[in-house]
Amino acid sequence: MENDINERNLIFDDIVRTRRSIRVFKDDKPPKKYIEDIIEAGMLAPYAAAAVGDSKDFRHFYVFEKGTESIETLALLMEKKAAEGVKHFEGLIKEKPFIKSKFEPFLNRLRMISEKGVPGVTTAPFFIIVAELRGVPPAEQESLAHVLENMWLKATALNLGFQLISLTSQMADDEQLMKLLELPVRKYALNGCAIGYPKVNPNPTPRPDIQKTTKWMK
Ligand SMILES: Cc1cc2nc3c(=O)[nH]c(=O)nc-3n(C[C@H](O)[C@H](O)[C@H](O)COP(=O)(O)O)c2cc1C
């Protein structure tokens with residue numbers, strides 16, 4: 001029994017420690033079964049039961065494959081959204097120049113996306129959108145974070161690379177995308193991730209020391 005617990009604990013630590021943001025993927029397609037297993041891990045993540053009430057229709061997954069018509073449509077819609085964002089923030093900065101330094105990095109990222117496309121969306125073998133029912137009080141973004149983290153850890157356990165594509169969340173009120181997903185507009189929140197075999201395995205990004213960031217309260 002003790003050994004079992006230790007083994008589970010070691011495996012858990014290994015998966016958590018080796019999880020990475022992967023931003024360059026090999027062309028090889030992972031087996032469909034792996035993608036289904038990753039989705040199963042996402043479905044097992046907690047959901048805000050009190051906020052969504054009796055609804056059992058609180059979570060959906062959409063799998064897009066590289067080279068298909070649907071991923072090309074999605075990529076175009078996301079580029080369009082980024083271009084709209086550029087226009088919006090450029091106007092805002094013109095009106096209030098003092099916000100420039102704060103918004104400039106995000107604006108530059110949107111400019112890059114509107115010109116070159118969303119990294120990961122068309123370059124990875126699979127792109128998955130997760131939709132979570134909006135509730136009262138709103139807790140769908142938190143639920144989505146749990147779903148995506150479960151999927152990320154499962155992908156790591158399967159030696160697959162995973163990239164969070166947070167621009168997906170901005171697409172939740174896009175009528176064309178919601179039509180493509182056959183979901184009602186403004187009823188679901190979205191997030192998305194790219195999945196495939198990693199081309200390079202990056203080193204871990206440094207984290208603050210927990211001894212310095214934790215206070216045991218008296
Ligand atoms: C809320 C949130 C949004 C993120 N959005 C993106 C994204 O759109 N694209 C991306 O490549 N990484 C994204 N990331 C990943 C972070 O950049 C990454 O976790 C961080 O740089 C640390 O690297 P690691 O994941 O390899 O530990 C996001 C992470 C979080 C928590």
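What follows is calculated from the coordinates using simple rules that are stated; it is not laboratory data. Please read all numbers here as calculations on a predicted model, not as lab measurements. All Cβ positions, even for glycine, are placed from backbone atoms using ideal geometry, and neighbour counts span all protein chains on display.
A few notes on this one:
- Whole-Å distance, taken between Cα centres, linking segment 81-121 and segment 144-218: 21 Å
- Among the trypsin sites (Lys or Arg not before Pro) in segment 1-66, those located in a DSSP loop and surrounded by at most 11 other Cβ atoms within 10 Å of their own Cβ are Lys56.
- Among the chymotrypsin sites (Phe, Trp or Tyr not before Pro) found in segment 69-177, not one is both in a DSSP coil and sparsely packed, with 16 or fewer other Cβ atoms within 10 Å of its Cβ.
- Computed over the alpha-carbon atoms, the chain gives an Rg to Rh ratio of 1.00, Rh here being the Kirkwood radius from the mean inverse distance.
- Surface/4 of the Cα convex hull for segment 88-166, nm²: 7.6 nm²
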